[in-house]
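The values are calculated or read from the model by the stated rules, or taken from the named source; none is laboratory data. Fair warning: this is a prediction, and the values are worked out from it, not measured in the lab. With ideal geometry, Cβ positions are generated from the backbone for all residues, glycine too; neighbour counts draw on all protein chains shown.
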Amino acid sequence: MTALSLASDRSTIRSPEFRLSQPESGAFTLELIGDWKLEGGLPAPAEVEKRLATGTGPRSLAFDARQLGAWDSGLVAFLVGIRDLAKTHRFTLDAESLPEGARRLLKLASAVPERQGARRSDKRADFLTLVGNECLTIWRSAGEMLDFLGQALLSFGRLLLGRARFRRTDLLDVIFECGAAALPIVSLISFLDGLILAFVGAVQLQQFGAQIYVANLVGIATAREMGALMTAIIMSGRTGAAFAAQLGTMQVNEEIDALRTLGLSSMEFLVLPRMIALIVMMPLLCVYADLMGIVGGGLVGATMLDLSLAQYVNQTLHGIELSDFALGIVKSSVFGVLVAVAGCLRGIQCGRSASAVGLAATSAVVTGIVFIIATDCVFAVVTGALGI
């Protein structure tokens, strides 16, 4: 019984068809007949195009839906095709006789604009264009960096005058994150760094029976260079990236714009506490890194070179001068400024998307490390010229 009823329902479906007529010197009329459903097989709009291209008289097309039965999205697709043909051949379209639902769907399909330039152009810029664009980008970045440094100096000036506005609790939180929270990673890297320096030096100095001077090698290299340099690189990857991600997320959430609306300087409220924290904590971390590096070198001296603890300590104290420690501390303070500037600058420059935050963090690390290495080279040249 059920199968018979289904068969009778299918037999009642009228196949879709259309008739295109044009009375003498009259507009085209497209008569829709039958049930326009996808399962019934729909005619293509291209079948109408030949008649429209060769027709004469008024350039207009109207629909006649008096014999239209049931319909679904197939009818709408056909109507969209007819609309496109009418635009191509410059016909005006009259859809007033269509069912209300079909008119609304056709209007909705017409309201969606086509995306311009959706396809990527296959033409690539030539080499000189790429070089020119990169030079302009570097030039703009240098200007933005100088502007940021100028604003930072003005903020420090207002801090010295007691006019800078920021929350002291934020400063304490950042100091903790830059100081105590960074001790484990600084301890590990500095200890291993001292151990590596001692091991490399021991292999060479044992050939001359001068293994006692491993203490001098480790002490001087750690105090003058490696303590400050490795601490700065660690803080650039750890804290500089964190600063960029924090400020970049605030940029995405429009929190920085809200601060400016409230009349608060983002430089004072967000950047200044982070710069102060790194400037204060970097020298302390540098001294701690020097100590851990010397301990790592002492472990190699005691296990590989049969040096006693007293011998290693005495040789280290005789080999290192106060100027070596002072140079490392000065370097660390400068490196702290560079890490803070790189992290905060990239965070402030961040775009307003999740991917932009990741790019800002990556750029902060790269910029910070490049600044650190370049500045360390300048320190090496200056101290060598001055005989320090």
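Based on what the data block shows, is residue 306 assigned to a helix (DSSP H, G or I) and of a type in the set (D, E, K, R)?
No; evaluated as a whole, the condition is false for this residue.
Do we find a residue being crowded, with 24+ Cβ neighbours inside 10 Å and touching a residue at least 40 places away in the same chain (Cβ under 8 Å) anywhere in segment 250-268?
Looking for residues that are crowded, with 24+ Cβ neighbours inside 10 Å and touching a residue at least 40 places away in the same chain (Cβ under 8 Å), one finds none in segment 250-268, hence no.
Taking only segment 166-211 into account, find how many residues are surrounded by 13 or more Cβ atoms within 10 Å (Cβ to Cβ), over 21 Å from residue 299 (Cα atoms) and among the charged types (D, E, K, R).
Matching residues across segment 166-211 total 3.
Could you list, in sequence order, the residues of segment 332-376 that are surrounded by fewer than 24 Cβ atoms within 10 Å (Cβ to Cβ) and charged (D, E, K, R)?
Within segment 332-376, 352, 376 qualify.
Somewhere in segment 309-321, is a residue surrounded by fewer than 24 Cβ atoms within 10 Å (Cβ to Cβ) and not in a helix (DSSP H, G or I)?
Looking for residues that are surrounded by fewer than 24 Cβ atoms within 10 Å (Cβ to Cβ) and not in a helix (DSSP H, G or I), one finds at least one in segment 309-321, hence yes.
Given the residues 114, 100, which is the only one that is modelled with pLDDT under 80 and either surrounded by fewer than 13 Cβ atoms within 10 Å (Cβ to Cβ) or among the aromatic types (Phe, Trp, Tyr) (or both)?
114
Among the residues of segment 283-293, is there at least one that is over 19 Å from residue 350 (Cα atoms), touching a residue at least 24 places away in the same chain (Cβ under 8 Å), surrounded by fewer than 24 Cβ atoms within 10 Å (Cβ to Cβ) and hydroxyl-bearing (Ser, Thr, Tyr)?
Yes; the residues of segment 283-293 include at least one that is over 19 Å from residue 350 (Cα atoms), touching a residue at least 24 places away in the same chain (Cβ under 8 Å), surrounded by fewer than 24 Cβ atoms within 10 Å (Cβ to Cβ) and hydroxyl-bearing (Ser, Thr, Tyr).
Can you pull out the residues in segment 126-145 that are closer than 19 Å to residue 364 by Cα and either in contact with a His (Cβ under 8 Å, 6 or more places away or on another chain) or loosely packed, with under 11 Cβ neighbours inside 10 Å (or both)?
Passing the criteria: 134, 137, 138, 139, 140, 142, 143.
Hey, any hits in segment 339-359 for a residue that's assigned to a helix (DSSP H, G or I) and closer than 14 Å to residue 229 by Cα?
yes
Identify, from the list 69, 101, 81, 74, the residue that is within 23 Å of residue 15 (Cβ to Cβ) and either in a strand (DSSP E or B) or in contact with an Asp or Glu (Cβ under 6 Å, 6 or more places away or on another chain) (or both).
Only one candidate qualifies: 69.
When you go through 243, 148 one by one, which is the residue that is crowded, with 21+ Cβ neighbours inside 10 Å, aromatic (Phe, Trp, Tyr) and under 35 Å from the mean Cα position of the chain (by Cα)?
243
Quick one: in segment 247-290, which of the residues that are charged (D, E, K, R) and closer than 14 Å to residue 164 by Cβ is farthest from the chain's Cα centre (by Cα)?
268
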